[in-house]
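Undergrad: Here's a structure for you.
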Amino acid sequence: MDVVLHRPTKPFITSSSPSFSAAHDRNHYNHVLLSSFRLHRITCQSSLSSSKSGHGCSWMQDNSTGKDILANSKRNHGPLHSVFPPTAAAVSSVKDLFEFICAGPLIDKLGFTQETIAESIDKWLESGVHICKLFKLNDLYLTTPQKARIYHYYIPVFLWCEKQISDHRSTFKDGDEIPPLVIGFSAPQGCGKTTLVFALDYLFHTSGRKSATISIDDFYLTHDDQVKLRQNNPGNALLEFRGNAGSHDLSLSVETLTALGKLTKEGLKMKLPRYDKSAYNGRGDRADPSTWPEVEGPLTVVLFEGWMLGFKPVPSEAVKAIDPQLEIVNKNLEAYYDAWDKFVKSWIIIKIKDPSCVYDWRLQAEIQMREAGNPGMTDEEVRDFVSRYLPAYNAYLPTLYTEGPKGSHSEHTLIVEIDEGRNPILAG
C-alpha cells in the first residue's frame, strides 16, 4: 500500500502556554523587549564571571504543560516539540537566557564564546522573537524543549549559515554577480529538517535577504514515469513507490538548481517545482506548474533539503549484504552527484544514532493525525513505509557521517547530532 503524505497548506503552530491579552499591543511589547535586550547586554557581559564559576541556568519552572498543534502548510513543518514531558518555563531575566544559550551543545563546535555571545545578545534574542512569532509561541513562556529548539538549535545554525554566506561572498570581487550560496541539509525523515529550513528561510527574510527553499521531494518523477519505473523493476519494493534513488527527475533538478544560481539581479524570477503527494490516492504526481511558488532575485541563499542528500554509492558487495534489492538503487545513485550534490557548497548534516528513530518519528506523526481526526497510516502501514528506506539508511549513513558528501570540505560542513526528541546533543 502506498502512503498518503499530505502537504499542509498553512504553517501554524500553537502552544497551550498562556498568551498576552488582546489588549496588550504586541508591536509595542516587541519594541520595549528589544530595547530591553540592548539595555541588558551589560548584564550578560557582567554575568560572564558567574557563568564561568559554574552557576547554572535559573529558568523559573511551573507545572503547566504545552502541546503544539500543527495545522496545514505547504510543506511538513513539524511542531516545536519533544518526546520528553513539556515542562513550561518562564523567562526570569536576560541573564538567565544568556546562560542558557551559553550552555548549548553547538556553542563550542561553532566557535562561539561567552564573550562573542554577550556582544551579539541582541541578535540572538531578536531572532528568538522572530521564531516565536513565526510559530505562534509566547516568547516569554516556552517549554524547555521549545527553548532548546530555538536557542540551542535554530539560531546557532542560522548564525553558522550567515558565516558561510559571508565566506562565500568574500571569494568574489567588487562588481561581480554573486550567485546564491546553496546550503544542503541532509537529514533523515521525521527529524525536523523541513521545519528547520522553514525557520531559517523566515529569519533570512526578516533580515532583508532573499532566500529560496527546495526539497528533493520536489524532483520526484511524474506519476506516469513512476509507474514505468515500477514496471521496469518488478518485485523490487525499494522502487515500487517514490523515495529511493531512481525515483527522481534528475534533469529537472539540474535545470532548477542551475536557474536558481542565475538569480543574481532584481527583476529576475523563476518558479520552483513542487510535488503533490496526495495525487492519485497518495501515489503522488508533480503539482500543476500554475501552483508553483515564484522566487525573485537577487537571491542570497538556497536552502536545499532531503533525506538522502549527500548519499554516495558504496561497493556492490556491501549493498548486497544489506538488501539485494538495493543494488539497482546503488547504481542509480551514481548519477546523483552531478544532479544534486555538486551544486551544494556548504552542508548541514543532521546525525542520528539509530535509523530506527525514523520509524518512531513517523509513528508519532501518524498517531497525532489519527487523534486529530485526519487520515493516518496504521502502525503496520508505517512499518511498511519505513522499511523501504531503512536499507538505504543502513548502507549510506555510516559513510556520510565519517567522510561527508562527495566534494564537501570540513570548514563548510556542520554535523549536528540530535536525540530522539530532535534536539541537538553533544557528540559522543
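The values are calculated or read from the model by the stated rules, or taken from the named source; none is laboratory data. Note that the coordinates shown come from a computational prediction; the quantities given were computed from them, not determined experimentally. For neighbour counting, all protein chains shown are included, and Cβ atoms are generated from backbone atoms with ideal geometry for every residue, glycine included.
Undergrad: Filter region 361-409 down to residues that are under 24 Å from ASP108 (Cα atoms), surrounded by fewer than 18 Cβ atoms within 10 Å (Cβ to Cβ) and within 20 Å of the chain's Cα centre (by Cα), then give me how many there are.
TA: Number of matching residues: 1.
Undergrad: Restricting region 162-185 to residues that are surrounded by fewer than 22 Cβ atoms within 10 Å (Cβ to Cβ) and touching a strand residue (DSSP E or B) at 6+ places or on another chain (Cβ under 7 Å), which is farthest from ASN423 (Cα to Cα)?
TA: Taking the candidates together, the pick is HIS168.
Undergrad: State yes or no: is LEU200 in a helix (DSSP H, G or I) and buried (at least 20 other Cβ atoms within 10 Å of the Cβ)?
TA: Here the answer is yes, as LEU200 does meet what is asked.
Undergrad: Sticking with this structure for a sec: Restricting attention to region 321-371, report how many residues are among the charged types (D, E, K, R) and over 17 Å from GLY184 (Cβ atoms).
TA: 11
Undergrad: While we're on this one: Considering only residues of region 310-352 that are out of contact with any Pro (no Cβ under 9 Å at 6 or more places or on another chain) and among the acidic types (Asp, Glu), which is nearest to LEU196 (Cα to Cα)?
TA: ASP338
Undergrad: One residue is enough: does region 117-136 have a residue meeting the conditions within 26 Å of ILE352 (Cα to Cα) and touching a Phe, Trp or Tyr at 6+ places or on another chain (Cβ under 7 Å)?
TA: Checking region 117-136: at least one residue is within 26 Å of ILE352 (Cα to Cα) and touching a Phe, Trp or Tyr at 6+ places or on another chain (Cβ under 7 Å).
Undergrad: Let me ask another. Taking region 240-284, which residues are of a type in the set (A, V, I, L, M), at pLDDT 95 or above and in contact with a helix residue (DSSP H, G or I) (Cβ under 8 Å, 6 or more places away or on another chain)?
TA: Selection gives ALA245, LEU250, LEU252, VAL254, LEU257, MET270, LEU272.
Undergrad: Same structure, new question: Please go through region 251-297 and give me each residue that is at negative phi and aromatic (Phe, Trp, Tyr), ordered by number.
TA: If the condition is that a residue be at negative phi and aromatic (Phe, Trp, Tyr), then TYR275, TRP292 are the ones that fit.
Undergrad: Among the residues of region 217-241, which ones are in contact with an Asp or Glu (Cβ under 8 Å, 6 or more places away or on another chain) and closer than 18 Å to GLN189 by Cα?
TA: Listed by number, the residues that qualify are PHE219, TYR220, LEU238, PHE241.
Undergrad: Do you know which of the residues in region 82-102 that are over 22 Å from the mean Cα position of the chain (by Cα) and loosely packed, with under 15 Cβ neighbours inside 10 Å is modelled with the lowest pLDDT?
TA: Here the residue is PRO85.
Undergrad: Filter region 337-367 down to the residues that are touching a strand residue (DSSP E or B) at 6+ places or on another chain (Cβ under 8 Å) and either within 17 Å of ASN394 (Cα to Cα) or not small (Gly, Ala, Ser) (or both) and list them by number.
TA: Residues satisfying the conditions are TRP340, ASP341, PHE343, VAL344, LYS345, TRP347, ILE348, ILE349, ILE350, LYS351, ILE352, LYS353.
Undergrad: Can you tell me how many residues within region 147-185 are under 22 Å from HIS409 (Cα atoms) and either at pLDDT below 95 or among the basic types (Lys, Arg) (or both)?
TA: Residues flagged as under 22 Å from HIS409 (Cα atoms) and either at pLDDT below 95 or among the basic types (Lys, Arg) (or both) within region 147-185 amount to 2.
Undergrad: Just one of the numbered conditions (1) under 30 Å from ASN236 (Cα atoms); (2) among the β-branched types (Val, Ile, Thr); (3) buried (at least 19 other Cβ atoms within 10 Å of the Cβ) is not true of VAL416; which one?
TA: (1)
Here's the yes/no breakdown for (1) on the phi < 0 side of the Ramachandran plot; (2) part of a helix (DSSP H, G or I); (3) in contact (Cβ under 8 Å) with a residue 24 or more places away in the chain:
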{"site": "LYS133", "(1), (2), (3)": "yes, yes, no"}
{"site": "TYR151", "(1), (2), (3)": "yes, yes, yes"}
{"site": "ASP174", "(1), (2), (3)": "yes, no, no"}
{"site": "PRO179", "(1), (2), (3)": "yes, no, yes"}
{"site": "GLY184", "(1), (2), (3)": "yes, no, yes"}
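Undergrad: Given the criteria in contact with a strand residue (DSSP E or B) (Cβ under 9 Å, 6 or more places away or on another chain) and either in a loop (DSSP other than H, G, I, E, B) or without any contact (Cβ under 8 Å) to a residue 12 or more places away in the chain (or both), does GLU266 qualify?
TA: Yes: the conditions hold for GLU266.
Undergrad: Return yes when ALA237 is modelled with pLDDT under 95 and over 24 Å from the mean Cα position of the chain (by Cα) and no when it is not.
TA: The answer is no for ALA237.
Undergrad: For region 361-373, does any single residue satisfy the condition of being at negative phi and assigned to a loop (DSSP other than H, G, I, E, B)?
TA: yes
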